[in-house]
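Peer 1: Questions regarding the structure given below will be posed in turn.
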Amino acid sequence: MKIHLSRPLYETKPNLPNFYALSNKIREVYQTAWLTNNGAQVQQLEKKLEEFLDIDNVTVFCNGTLALQIALQALELEGEVITTPFTFPATTMALTYNNLTPVFCDIEPEHFNIDPDKIEELITPKTSAILPVHIFGNPCDVEKIEQIAKKHNLKVIYDAAHSFGVRAYGRSISSYGDVNMYSFHATKKFHTLEGGALAYNDPLLRKKFMMIKNFGYDGYNNILSLGTNAKMNEIEALFGLLLLPDVKKDIEERKKLFGIYRDNLRGLKDVRFLTDMDGVKHNYLYFIITSKYREKIQEALEGYDVHSRRRFYPLCSDVLDYKDLPSARNLPVAKQASEETLSLPLFKGLTSGEVISICEIIKDAVD
Ligand code: T4K
């Protein structure tokens, strides 16, 4: 088959709000001249996100990484935190920024989330929390993790960077754990250019989060905590307010593209794709394949100006001083995942013809 693609294709392409709606909204912000520091747009976005995520409390930040760092600080964690090595480095590094030691737990081979059956053997008297990631938006075994956390009196902080809009077993994914961190980076399903949020049930955490993200200030005249600057600005919040109403439709469109990928790759020897999970409403953020021929596939795609990404490579436990940790030694499933996974183009406006062409290139590459 002759493959023809008329434009370069990237892993993703950010959703953009209607330009006229955006300029009208920017005019409103101009008129108020209130640009940051917990402005009206930020407050409105937090309210809308609480509704959308079906949770009592949402606090927004300038990005997901700082949101996660602040969550760990506010929970006053110490010692060791059990986490996955198969993630973006922000997860692991947020622990280091809080003087916490990551203890890497291997992942399960179906959806590449932390393996709940391997968590308990890693718990020591120094363990204060578990930091799982709903990788690629597929929920971890939230029920089992909750049971383990209760039994050992541990906090659970989910890195939910990929799982905006996901529901599991009739509940919003945000309703599990002590705190959930979302990333609103431009490449995410729902974004605010750069941005992030914490979603949580305990209303007492709000004051701590607000203080830490604003230099530790409580009001104008008191400083009660070590803090930083992690505030979202008004233009970022505006983007969020304009994009939020489109999220559900966007998920449906991505689901269709997932279907086309799956139909065209099904049965292909040496290429596997991730399946939907029972009881889960997915958000279809990343289309991931795994193959021992990953490099060959990636090279073939590049030849057609199709840009895939190795998500997630290198493994966090293989870099910097992390590689010297005892827990970095025996992670065979994570190691294999990081050597075989590839994220293929998926974004609003990608056509079914383009998806079929990508699949043809892959078929040729592994033939
Ligand atoms: N935890 C997890 C599990 C995460 O995945 C992330 C971030 C975090 C925590 C931290 O959250 P944030 O602090 O970022 O809010 C991207 C993102 O920067 C990062 O947010 C994301 N995860 C990670 C998975 O991907 P890069 O450096 O790999 O993205 P980049 O620039 O290569 O872009 C990917 C594709 O998107 C390219 O093919 C081009 C396209 N693109 C990108 C941008 C920025 C566009 O078309 N337009 C754009 O504006 O990190």
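Peer 1: From (1) in contact with a helix residue (DSSP H, G or I) (Cβ under 7 Å, 6 or more places away or on another chain); (2) loosely packed, with under 15 Cβ neighbours inside 10 Å; (3) not in a helix (DSSP H, G or I), pick out the condition that doesn't hold for Asp278.
Peer 2: It fails just one condition, (1).
Peer 1: Right, something else. Taking the conditions exactly as written (crowded, with 18+ Cβ neighbours inside 10 Å, out of contact with any Gly (no Cβ under 9 Å at 6 or more places or on another chain) and not in a strand (DSSP E or B)), does Lys208 satisfy them or not?
Peer 2: The answer is yes for Lys208.
Peer 1: Still on this structure, I have one more. Has segment 86-96 got any residue that is within 16 Å of the ligand (Cβ to nearest atom), outside the structural domain of Ile288 (by TED's automatic domain parsing) and in contact with a Pro (Cβ under 6 Å, 6 or more places away or on another chain)?
Peer 2: yes
Peer 1: Working carefully through the options Ile288, Ile297, find the one that is assigned to a strand (DSSP E or B) and at pLDDT 95 or above.
Peer 2: After applying the criteria, what remains is Ile288.
Peer 1: Something else about it: Got at least one residue in segment 216-227 being touching a residue at least 60 places away in the same chain (Cβ under 8 Å) and more than 16 Å from the ligand (Cβ to nearest atom)?
Peer 2: yes
Peer 1: Name the residue that is nearest to the ligand (Cβ to nearest atom), counting only residues in segment 165-185 that are more than 17 Å from Lys248 (Cα to Cα) and hydrophobic (A, V, I, L, M, F, W, C).
Peer 2: Once the filter is applied, the top-ranked residue is Met181.
Peer 1: Still on this structure: Here are Asn283, Asn233: which of them is under 25 Å from Pro85 (Cβ atoms) and within 16 Å of the ligand (Cβ to nearest atom)?
Peer 2: Asn283
Peer 1: Could you please find all residues in segment 44-85 being within 14 Å of Leu198 (Cβ to Cβ), assigned to a loop (DSSP other than H, G, I, E, B) and within 14 Å of the ligand (Cβ to nearest atom)? Steps first, answer last, please.
Peer 2: Of all residues in segment 44-85, those within 14 Å of Leu198 (Cβ to Cβ) come to 45-46, 49-50, 53, 55-75.
Of the ones still in play, those that are also assigned to a loop (DSSP other than H, G, I, E, B) are 55-56, 62-63, 75.
Of everything in segment 44-85, those that are within 14 Å of Leu198 (Cβ to Cβ), assigned to a loop (DSSP other than H, G, I, E, B) and within 14 Å of the ligand (Cβ to nearest atom) turn out to be Cys62, Asn63.
Peer 1: Would you please name the residue that is farthest from the ligand (Cβ to nearest atom), looking only at residues in segment 331-348 that are modelled with pLDDT of 95 or more and outside any helix (DSSP H, G or I)?
Peer 2: The selected residue is Leu331.
Peer 1: Within the group Pro85, Pro132, Pro89, which residue is at pLDDT 95 or above and surrounded by fewer than 23 Cβ atoms within 10 Å (Cβ to Cβ)?
Peer 2: Step by step, each of Pro85, Pro132, Pro89 is checked, and only Pro89 is at pLDDT 95 or above and surrounded by fewer than 23 Cβ atoms within 10 Å (Cβ to Cβ).
Peer 1: Scan (1) within 16 Å of the ligand (Cβ to nearest atom); (2) under 26 Å from Leu344 (Cβ atoms); (3) touching a strand residue (DSSP E or B) at 6+ places or on another chain (Cβ under 6 Å) for the single condition Phe190 breaks and write down its number.
Peer 2: (3)
Peer 1: Residues being within 16 Å of the ligand (Cβ to nearest atom) and part of a loop (DSSP other than H, G, I, E, B): count how many of those fall in segment 149-163.
Peer 2: Result for segment 149-163: 4.
Peer 1: Out of the residues in segment 92-110 meeting the condition of being surrounded by fewer than 20 Cβ atoms within 10 Å (Cβ to Cβ) and either out of contact with any helix residue (DSSP H, G or I) (no Cβ under 6 Å at 6 or more places or on another chain) or among the acidic types (Asp, Glu) (or both), tell me which one is farthest from Val156 (Cα to Cα).
Peer 2: Glu110
Peer 1: Which one of these is touching a Pro at 6+ places or on another chain (Cβ under 6 Å) and of a type outside the set (A, V, I, L, M): Asp159, Asp141? Reasoning before the result, please.
Peer 2: On the way: Asp159 fails: touching a Pro at 6+ places or on another chain (Cβ under 6 Å).
From the options Asp159, Asp141, the qualifying one is Asp141.
Peer 1: Moving on. Give me the residue from segment 1-12 that is at pLDDT 95 or above and surrounded by 13 or more Cβ atoms within 10 Å (Cβ to Cβ) and, out of that set, nearest to Phe239 (Cα to Cα).
Peer 2: Among residues in segment 1-12 that are at pLDDT 95 or above and surrounded by 13 or more Cβ atoms within 10 Å (Cβ to Cβ), the one nearest to Phe239 (Cα to Cα) is Thr12.
The values are calculated or read from the model by the stated rules, or taken from the named source; none is laboratory data. All values derive from a computational prediction rather than experimental measurement. Reconstructed Cβ throughout: ideal geometry from the backbone, glycine too, with neighbour counts over all protein chains shown.
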